[in-house]
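Asker: Next up is a structure, given as structure tokens.
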Amino acid sequence: MRGMKNNYRFAVCILLVLLTGRTATASAQTPPAQGAQQFAALRDLKLQGGGVIQDFRLGYRTLGLLNAGKSNAILWPSWLGGKSEDLLQFLGPGKVVDTTNYFVVLVDAIGNGVSSSPSNSSKQPLMKFPVITIRDMVEAEHHLLIDVLHIFHLRAVMGISMGGMQTFEWAVTYPDFMDLAIPMFGSPQSTSFDKLLWTSQIDAIELDPAWNHGNPTGPLARGFAVSEEIGQMNLTSPAYRVAHTSPKDFDAFLADLKKRAVGDGGAASNQIRQREALISLDIPSELGLTLAQAAKKLHAKLLVVVSPQDHLVNPIPAREFAEAIAAPIVILDSPCGHISLDCISAGPTVAKFLADPASIHSETLHDAVNH
């Protein structure tokens, strides 16, 4: 009898192990929820400048369903300091990209604090994290599509600001990988004004005594505050700031700005590395070509969205790039500047271009509210 009891207990244990194993396997095969944060482990990532990001992880989210022919995929990388979560607002029925029609891959660009970054790397923390470029961001995204998602062609690559810069880089580096390229408020080449802006923000951070030559001793409140002041001064336009902040409200505006502009050494290092990537952006020089010659490398149909009052990313190179190949340009005429998408709805134009690129021509959209 005792032996039978022992055998029974043994059988129960085996059954529990089998059931547990099956449950774990089923759980592992359960697809993630729409828009859930995911990570791709891409081992060591070799960089354009010769460095290597060790144990590289790329954050991403997917929404919608990939069709049988894998012809409806869209890649949308994040902007400077932005996260894939920030892009969810543009997706869904009636929005910029309708996820009932498209499978969208949102990507956390290198150095944003979600993907491998100075702030979260255990082996290469803070400024030990190697210098990165926009091209490195694109190569990481290419690995994600090919090696993890097994997507070998895209309907479109699109992005805002630094996401637009990645879009330009994608279009010339992998010209046959996508049907359409839609850079919004991005650039194929940082101008001297752009470089001055990003450099001044880096200097503001590094001049904070708490930065301590890359060995932070505490929060960098002063450096972040000055960097944010520079950013806010260029994010929109003088007309926008004057209209939205009266002289009597300025002190409260500045106090709120400084209150929110706080970060530690990790956040500072992220900002520096991503801004260095913007400063180095120069697709024509990378290819040994002129801007017009670089534009002619595109095989995808291009739609460029800019604002003439964009002081954060100079719109001239993007316009010249588009004009070199007679690609349509959508001009958002608004004092909102770099954030003109918040003031003028370009979503319908972009959605129409995704469905029927031949139907879109250059146009200027005016901001009735802020003029």
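Asker: Given (1) -0.90; (2) -0.68; (3) -0.78 as candidate values of log10 I(q)/I(0) by the Debye sum over Cα atoms at q = 0.11 Å⁻¹, which corresponds to the one derived from the coordinates?
Answerer: Of the listed options (1) -0.90; (2) -0.68; (3) -0.78, (3) comes from this structure.
Asker: Give me the angle, in degrees from 0 to 90, between the Cα long axis of helix 134-143 and the longest principal axis of the Cα atoms of the chain, rounded to the nearest 10.
Answerer: For 134-143 against the chain, the angle is about 30 degrees.
Asker: Here's another thing I want to ask about it. Please state the shape class of the range 208-327: rounded when a/c is under 1.5, otherwise prolate if a/b exceeds b/c and oblate if not, all from the C-alpha gyration tensor.
Answerer: Oblate, since a/c reaches 1.5 and b/c is not below a/b.
Asker: Taking the Cα centre of the chain as origin, work out the dipole magnitude from +1 charges on Lys and Arg Cβ and -1 charges on Asp and Glu Cβ, in debye rounded to 20.
Answerer: 1680 debye
Asker: Using the charge dipole of the chain (Lys, Arg: +1 at Cβ; Asp, Glu: -1 at Cβ; taken about the Cα centre), state which of Ser192, Gln309, Gly164 has its Cα farthest towards the positive end.
Answerer: Of the options given, the answer is Gly164.
Asker: A further question on this structure: Name the residues of the range 42-70 whose amide N is less than 15 Å from a point 7 angstrom out from the Cα of Lys95 along the C-beta direction?
Answerer: 61-65
Asker: For the pair Ala252 and Asn212, how long in nm is the line joining their label points, each one 7 Å along Cα→Cβ?
Answerer: Each label point is offset 7 Å from its Cα along the Cβ direction, giving 3.8 nm.
Asker: Report the label-to-label distance for His142 and Phe39 in nanometres (one decimal), using points 7 Å from each Cα along the Cα→Cβ vector.
Answerer: 2.5 nm
Asker: So which lysines can Lys128 reach, going by Cα to Cα under 29 Å and dropping same-chain residues fewer than 8 places off?
Answerer: Lys128 reaches Lys46, Lys83, Lys195, Lys258, Lys259.
Asker: Can you find, among Tyr60, Gln34, Leu47, the residue farthest towards the positive end of the dipole of the range 25-112? Put +1 on the C-beta of Lys and Arg, -1 on that of Asp and Glu.
Answerer: The residue sitting most towards the positive pole is Leu47.
Asker: Just from its helices, what would the mean residue ellipticity at 222 nm be for the chain, if runs of 4 or more DSSP H residues each count -39500 (n - 2.57) and the sum is divided by every residue, rounded to the nearest 500 deg cm²/dmol?
Answerer: -11500 deg cm²/dmol
Asker: Shifting gears a bit: With a bin width of 10 angstrom, please list the P(r) values of the range 132-250 as percents of all Cα-Cα pairs, from the 0 bin to the one holding the largest distance.
Answerer: Pair shares across the bins are 12, 28, 26, 23, 9, 1.
Asker: Give me the angle, in degrees from 0 to 90, between the Cα long axis of helix 192-206 and the longest principal axis of the Cα atoms of the chain, rounded to the nearest 10.
Answerer: Taking the Cα atoms of the chain, the angle to 192-206 is about 60 degrees.
Asker: Still on this structure: By the gyration tensor of its Cα atoms, with a ≥ b ≥ c the square roots of the eigenvalues, what is the shape of the range 21-137: rounded for a/c under 1.5, prolate for a/b over b/c, or oblate?
Answerer: oblate
Asker: Let me ask you something else. With charges set only on the Cβ (+1 for Lys and Arg, -1 for Asp and Glu), what does the dipole of the range 60-110 come to about its Cα centre, in debye to the nearest 20?
Answerer: 100 debye
Asker: Within a Cβ distance under 10 Å of Pro357, other residues only, what is the Lys/Arg minus Asp/Glu net charge?
Answerer: Overall, the nearby charge balance is 0.
Asker: Given points 7 Å out from each Cα along the Cα-Cβ axis, report the Ile230 to Thr30 separation in nanometres with one decimal.
Answerer: 4.7 nm
Asker: Next question, about the same structure. Compute the length gained on full extension between Ile316 and Asp356: take 0.36 nm times their separation in residues and subtract their Cα-Cα distance, giving the result in nm to one decimal.
Answerer: 11.8 nm
Asker: Once the Cβ-Cβ distance between Gln48 and Lys259 is put in as r, and R0 is 25 Å, what FRET efficiency do you end up with, to the nearest 0.05?
Answerer: With a Förster radius of 25 Å, E is 0.10.
Asker: For every other residue with a beta carbon closer than 12 angstrom to the beta carbon of Ile316, add +1 if it is Lys or Arg and -1 if Asp or Glu, then tell me the sum.
Answerer: Once all neighbours under 12 Å are counted, the net charge is -3.
Asker: How much of the DSSP bridge set in the chain is antiparallel, in percent, rounded to the nearest 5?
Answerer: 30 percent
Asker: Roughly how far apart, in whole Å, are the Cα centres of the range 197-253 and the range 115-147?
Answerer: So the two Cα centres are separated by 26 Å.
Asker: Okay, moving on. Angle, helix 250-260 long axis vs. longest principal axis of the chain, Cα atoms, 0 to 90°, nearest 10?
Answerer: 30 degrees
Asker: Give the carbon-plus-sulfur fraction of the accessible surface of the chain in %, rounded to a whole number; probe 1.4 Å, heavy atoms of protein chains only.
Answerer: That fraction is 57 percent.
Asker: Still on this model: For Ser71, what is the net charge nearby, where nearby means another residue's Cβ is under 10 Å from its Cβ and Lys, Arg count +1, Asp, Glu -1?
Answerer: Local net charge: +1.
The values are calculated or read from the model by the stated rules, or taken from the named source; none is laboratory data. Fair warning: this is a prediction, and the values are worked out from it, not measured in the lab. Note: ideal-geometry Cβ built from the backbone for every residue, glycine included; neighbour counts use all protein chains shown. The protein model used for the area step is the full one, side chains on, heavy atoms only, and it has no ligands, DNA or RNA in it. Shrake-Rupley method; radii C 1.70, N 1.55, O 1.52, S 1.80 Å.
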